[in-house]
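Written below as structure tokens is the structure these notes are about.
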Amino acid sequence: MNLDFSDEQKQLRDQIRRFLSEKCPSSAVRAVLEGPESYDKGLYRGLAEMGVLGAAIPEEFGGSGLTHLELCVVAEELGRALAPVPVSSSIYLAAEFLIQAGTSKQKELWLPKLAAGEAIGTFALSEGQGRTTPARISAKVEGGKLTGVKFPVADGDVADFAVVAARDEKGKVSLYLVELAAAGVRRETLESIDPTRGQARLVFDRAPAELLGTKGDGWHIASQVLDRAAVLMAFEQLGGADRALEMARDYALERMAFGRPIGSFQGIKHILADMYVSATLARSNCYYGAWALVSGAAELPVAAATARVSATTAFQHCAKNNIQVHGGMGFTWAFDCHLFYRRSNALALALGSQSTWETLLIERMSAGNAETAA
Amino acid sequence: MDFEDTVEEAAFRTQVRAWIDANAPRHLEEELKRASFGSNGVVSEDPIAAGKAWQKKKAEAGWACLHWPKEYGGAARTPIERVIWGQEEGPYAALTGVFTIGHGMCGPTVMSWASEEHKRKLLPPLASGEHVWCQLFSEPASGSDLAGLRTRAVKADDGSGDWIINGQKIWTSGAQYSDWGLLITRTNPDVPKHKGLTMFFLDMKSPGVEVRPIKQANGQSSFNEVYFTDVRIPDNQRLGEVGQGWEVSLTTLMNERLSIGSGMSTGFPELFRFCMEAEIDGRPAVEDSAVRSRLAQIAVKQSGLKYTGMRAISALSKGEIPGPENSIGKLVAGATMQDLSMFALDLQCEAGVVWDEDSPQQGRFQAMLMRSPATRIEGGSDEILRNIIGERVLGLPGDIRVDKDVPFKDIPTSGRKKK
């Protein structure tokens, strides 16, 4: 049994961590938070040059030809550093849609650009408030033209193309690849709880749309890709949870009150112990998800939902208690605690909310259980 | 990332499986699967005798205390082989629960601190299941603060060098059928509490030892009180130096937390099965969104503990020492079991109050409800475990101890101010 990363993967982690500590200190995250750019272009280019954007993209399409395990390692480090870059949209989602469902021509056109960071892709599913179900998708394509409104779309303000879930001529949900610079596309940048990651509203009015994957199979493909992305997103959340725990621990060692470090009080110590517990459960569940992702296990849907629910819980728990341990200083703009708090709550909603994934997990477990019984 | 055995591990597993298939007491399998809190489930014969018989059979074939050295009755196997054995033993492991404390805690302490002669005399019959050991640590006034214990050991005044023991221990599992006990005592009340302790091992049949079962809050009696009245122990049954008892006890406690925390159940499989069967408004409970959210949160705890264990096994498989992550086991499992038992009763609604054979799963959730408070206390309370994680894993400073440099006899014994 070897539920762990290899020595080479751990070396990759160290390498990325060094790179990010230099290129992505919290000042870089704040530059996006407070500035006009919606992502850090220099950092994104640097990640492309290191080959990490294309880690899981096949070599024939300009990638590094490694596995999704390496991408999990990358995701965890991006999460630790709160990297303000569109990796989840462009790599976990757009590239994965192309790999899973694209034609050779679509792959040849877009994957090398995604790996090189020369183009950004995203996935447009939600059309507003509440959980997205097939019945709630009203965007539609007729005669190769898409009409409808999608929001929020992560990185929709900077993406070159979006994979859009819309109704085809028969009313079935299909996926379409839509270039966002084309005529008939209007985009609006949205304010959000985490401005270090962009959100947009995309308004399509007879925009040119190219089918991606089998017609009518859109919801099925999207579910599969979302499961794969959920494992990677869980690693990002895990990285954030671990870093928030470390910040809180370091502050508890340094901050004095009543003549002693606050970490010596059980009231603080036990909060930190509970943060360690939730981060540890999440790590173990993430490794389970990573195993299912790379081994093509039939239990990927259960493993992905498990990793996702556990990591969402851990990141939210660690980020909110990081503020609590810091006391009043944790609620200042100057301290970084709110950056983690913002990101933890934004990522909890990306790819579908916590209650959505909780439901998916139990639905899938009961289906599996019924199969086992039958 | 894989769950595969190495070639050597697979070969070992095959060998173990074949032996267990050929030798396990199959007639007890169904009873053992119903093992519950505080019993191994065997009712058709004497459960202690059945446990001893299985342990003896294992010992004769070289499968007892796999990781112990051969000269002490073990098999000198690697930690990963011990894990594989445990996986293959499955339900039969419950049979030898009577030896958990002896093999997991007392044995390692004897191995670290006893003379060579005593090790060769005491350990082989412990390994082979001939002798049962218990741990005489907690007292009515010293649980989490174990070093505050009051059972006195004083030198006999007859020049024999023997020690005379007076006092009381509590929460002693298995004292009523134990042959030997590991006993920590106070030998010097004039020095600070940690410095005046001394450890002994004791023949439980010694005159002056009286075992009384405790009737617990859940109505069962799996723990005991043990009273000592002028019990005589020869000085050569001392472990460590006089005054070194605290250090000796740490060997035991470290082993206690490892063995109790590993592989604990949260009760999730039972709850999930219940939610598949129970109904809310004519639909399976598992289809209710509130039930799903609650179940999912418990599911990821159960799964997190399972894969945390597998990460530890992975480290063992590579010949490495597992990290501190296993310290979360009992903390998570105990609280989760208590929460989920309340949730299961909530789903039963008014009928949840009834606890009999007709209750869902023969009243298992009611039993969990009534047993789980103890899980959160025994072998290190939730609060002590959080201190350990905070201090040993996260490196936080210890709490300020106002009794640290005070002679034991001067430490206050009541929180109330004297009028």
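Rule-based calculations on the coordinates, nothing more; no lab input. Note that the structure is a prediction, hence the values are computed from the model and not measured. Reconstructed Cβ throughout: ideal geometry from the backbone, glycine too, with neighbour counts over all protein chains shown.
Helix B:364-375 sits at what angle to the longest principal axis of chain B, using alpha carbons and giving 0 to 90 degrees rounded to 10?
Tilt relative to chain B: about 30 degrees.
Determine Rg/Rh for the range A:133-288; Rg is computed over alpha-carbon atoms and Rh is the Kirkwood hydrodynamic estimate from the same atoms.
1.19
Please work out the Kirkwood hydrodynamic radius for the range B:262-380, using every pair of different C-alpha atoms, and report it in angstroms with one decimal place.
Radius from the Kirkwood sum: 15.4 Å.
Neighbouring Cβ atoms within 10 Å as the yardstick, rank A:Glu49, A:Glu70 fewest first.
Going from sparsest to densest Cβ surroundings: A:Glu49, A:Glu70.
If you project the alpha carbons of the range A:227-374 onto the principal axes, what extent comes out on each, in Å, largest first?
Cα extents, longest axis first: 64, 27, 24 Å.
Using the beta-carbon distance between B:Ile400 and B:Val154 and R0 = 30 Å, what value does 1/(1 + (r/R0)^6) give for FRET efficiency, to the nearest 0.05?
0.40
5 Å is the cut-off here: which amide hydrogens, built 1.01 Å from N in the peptide plane, fall below it relative to B:Gln135, excluding neighbours closer than 5 in sequence?
B:Ser173, B:Leu182
How big is the protein assembly as shown along each principal axis, measuring the range of its Cα positions in Å and listing the largest first?
105, 63, 54
Near B:Lys119, which lysines are there with a Cα under 17 Å away, not counting those fewer than 8 places off in the same chain?
B:Lys70
Taking the range A:290-368 on its own, what percent of its Cα-Cα pair distances exceed 15 Å?
Cα-Cα pairs of the range A:290-368 separated by over 15 Å account for 62 percent.
Just need log10 I(q)/I(0) for chain B at q = 0.09, 0.10, 0.12, 0.15 Å⁻¹, Debye formula, equal scatterers on the alpha-carbon atoms, no solvent, rounded to two decimals.
So the normalised log intensities are -0.64, -0.79, -1.12, -1.59.
If you look at just the Cα atoms of the range B:312-419, how large are its Rg and its Dmax in Å?
20.8, 63
Give the angle, between 0 and 90 degrees and rounded to the nearest 10, that separates the Cα long axis of helix B:47-60 from the longest principal axis of the Cα atoms of chain B.
Around 80 degrees separate the two axes.
What percent do you get for the relative contact order of chain A when only Cα pairs under 8 Å and 6+ apart count?
For chain A, the relative contact order is 15 percent.
Counting partner chain Cβ atoms within 10 Å of every residue's Cβ in A:263-271, what's the average?
Average neighbour count from other chains, rounded to a whole number: 5.
Can you pull out the trypsin sites (Lys or Arg not before Pro) in the range A:120-158 that DSSP calls coil and that have at most 15 other Cβ atoms within 10 Å?
Those satisfying the criteria are A:Arg131.
Which whole-number value in Å³ per residue fits the convex hull of the alpha carbons of the range B:200-316?
191 Å³
Could you work out the equivalent-ellipsoid semi-axes for the range A:7-86, taking the square root of 5 times each eigenvalue of the Cα gyration tensor, largest first, in whole Å?
With the √(5λ) rule applied to the range A:7-86, the semi-axes are 23, 15, 9 Å.
Could you state the principal axis extents of the C-alpha atoms in the range A:122-216, from the largest down, to the nearest angstrom?
38, 29, 20
Give the angle, between 0 and 90 degrees and rounded to the nearest 10, that separates the Cα long axis of helix B:7-23 from the longest principal axis of the Cα atoms of chain B.
It works out to around 90 degrees.
Got the relative contact order for the range A:1-95 handy, in percent, Cα pairs under 8 Å and 6 or more residues apart?
Relative contact order for the range A:1-95 comes out at 33 percent.
Scanning chain A for helices, which whole DSSP H stretches are 20 Å or more long along the axis (Cα) and average 0.0 or more by Kyte-Doolittle?
Once both thresholds are applied, what remains is A:218-254, A:266-295, A:300-326.
If you average 1/r over every pair of different alpha-carbon atoms in the range B:133-244 and take one over that average, what Kirkwood value in Å do you get?
That comes to 14.1 Å for the range B:133-244.
Out of B:Pro412, B:Met337, B:Gln15, whose Cα points farthest toward the positive end of the dipole of chain B (charges: +1 Lys, Arg; -1 Asp, Glu; placed on Cβ)?
Projecting each Cα onto the dipole axis, the largest value belongs to B:Pro412.
Which of A:Gln324, A:Gln354, A:Gln237 ends up with the largest GNM mean-square fluctuation for chain A, with Cα atoms connected below 10 Å?
A:Gln324
Just the ratio, please: alpha-carbon radius of gyration of the range A:125-179 over 2.2 N^0.38 Å, N its number of residues.
Normalised Cα radius of gyration, the range A:125-179: 1.08.
Using a 10 Å cut-off around each Cβ, can you sort B:Met368, A:Met247, A:Met256 from fewest to most neighbouring Cβ atoms?
By the 10 Å Cβ count, ascending: A:Met256, A:Met247, B:Met368.
Which residue fluctuates the most in chain A, going by a Gaussian network model with Cα springs under 10 Å, if the choices are A:Asp168, A:Asp250, A:Asp157?
A:Asp250
The range A:319-343 to the range B:112-171: how many Å between their Cα centroids?
The range A:319-343 and the range B:112-171 have Cα centres spaced 50 Å from each other.
Using Cα pairs closer than 8 Å and at least 6 residues apart in sequence, work out the relative contact order for the range A:292-343, in percent.
That works out to 21 percent.
Using the alpha carbon gyration tensor of chain A, what are the three equivalent-ellipsoid semi-axes (square root of 5 times each eigenvalue), largest first, in whole Å?
They are 34, 23, 21 Å, listed largest first.
Below 18 Å, Cα to Cα, which lysines can B:Lys169 reach? Residues fewer than 8 away in the same chain don't count.
Cross-link targets: B:Lys193, B:Lys205, B:Lys215.
Can you put A:Ile323, A:Ile193, A:Ile99 in order, fewest other beta carbons within 10 Å first?
Ranked by crowding around the Cβ, least crowded first: A:Ile193, A:Ile99, A:Ile323.
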